[in-house]
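The values are calculated or read from the model by the stated rules, or taken from the named source; none is laboratory data. From a predicted model like this one, the values you see are computed outputs, not experimental measurements. Cβ: placed from backbone, ideal geometry, glycine included. Neighbour counts: every protein chain shown.
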Amino acid sequence: MFPSFPLTYEALLDRVTDDPAVVGLVLKGSHAHDGMATEHSDHDVYVVLADGVDSDLTRLDGHRSAELDLLVTTVGAFRRLGGHERYALARARVVLDRLDGGIAELVAAQARLDPDEAFREAAGLLDAYANSLYRSIKNARDGHRLAARLDAADSVRFLLDFLFTLHHRPSPYNKYLEWELERFPLPGWHTTTLLDSLGRITATGDTDAQRRLFVQVEAAAREAGHGPVLDAWGEDLPLMRPGSRSRPTAGTR
């Protein structure tokens, strides 16, 4: 049977406290980001069960309502989470930890990308950013204004993923980008200036703004050892820099 309690966050707290199978409760989403919750925000919660232990709460895995978004998992499965969920967990709040800090340790690990893995991922993201930037500038030159703006918006997503990965951090969801950068700025980047540039680029596809931003990106990329990724663009690379009005080659990028 389903647990007999109202499905509210407060009732869930009482229920997990009385359930010995529960070893952790992790709150993510707006309520875990100071100042981000509104009257419309639900509580996004992970209930973590001990491995190999039964609990009626497993029947509520995937429950969603205006009040509560509930995921029930085991310690082993929680340890393997990552991917798109990684940022949410990196900034999550540990409400209950019966593993003497073990749950908090698993949550903290989500905020730290493996350096070698991050380096490899950053290379691909940098190339994807350069590709979208190149296409945006080329489309703007050729009068394809919508395509230029769409490619510019694509480039911003790749750029943000690249910058955060470069610093071994999961990239935030768009909703939390300003929150994240205001509290945890990217080293070497002025938060207000960066956000203003990204806002202008996504709104207008401004090629001059894209080129100015690329100057900073190129410097950061080369300092981090990703110069070969950019050099592979060969004669197309100058088009991405300020002052260039050269025609891009016909290439297949």
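The single condition among (1) within 23 Å of residue 99 (Cα to Cα); (2) of a type outside the set (Lys, Arg); (3) over 21 Å from the mean Cα position of the chain (by Cα) that residue 26 does not meet is (3).
Within segment 35-52, the residues that satisfy the criterion of being in contact (Cβ under 8 Å) with a residue 40 or more places away in the chain and farther than 17 Å from residue 75 by Cβ are 35, 36, 44.
Only one of the numbered conditions (1) buried (at least 17 other Cβ atoms within 10 Å of the Cβ); (2) under 29 Å from the mean Cα position of the chain (by Cα); (3) among the β-branched types (Val, Ile, Thr) is not met by residue 8, and that is (1). For segment 97-115, a residue qualifies if it is in a loop (DSSP other than H, G, I, E, B) and crowded, with 18+ Cβ neighbours inside 10 Å, and the qualifying residues are 110, 113. I'm trying to understand the selection: among the residues of segment 116-144, which are farther than 24 Å from residue 81 by Cβ, of a type in the set (Gly, Ala, Ser) and in a helix (DSSP H, G or I)? Listed by number, the residues that qualify are 123, 128, 130, 132, 136, 140. The residue pairs whose first member lies in segment 65-77 and is over 16 Å from residue 98 (Cβ atoms), whose second member is part of a strand (DSSP E or B), and whose beta carbons are closer than 6 Å, counting only pairs six or more residues apart or on different chains, are 68/43; 69/44; 70/45; 71/46.
Condition test on residue 94, is it buried (at least 19 other Cβ atoms within 10 Å of the Cβ), over 30 Å from residue 20 (Cβ atoms) and modelled with pLDDT of 95 or more?
Details: buried (at least 19 other Cβ atoms within 10 Å of the Cβ): yes; over 30 Å from residue 20 (Cβ atoms): no; modelled with pLDDT of 95 or more: yes.
Judged against the criteria, residue 94 is not a match.
Are any residues in segment 175-188 surrounded by fewer than 16 Cβ atoms within 10 Å (Cβ to Cβ) and either in contact (Cβ under 8 Å) with a residue 24 or more places away in the chain or touching a Pro at 6+ places or on another chain (Cβ under 7 Å) (or both), and if so, which ones? Selection gives 175, 188.
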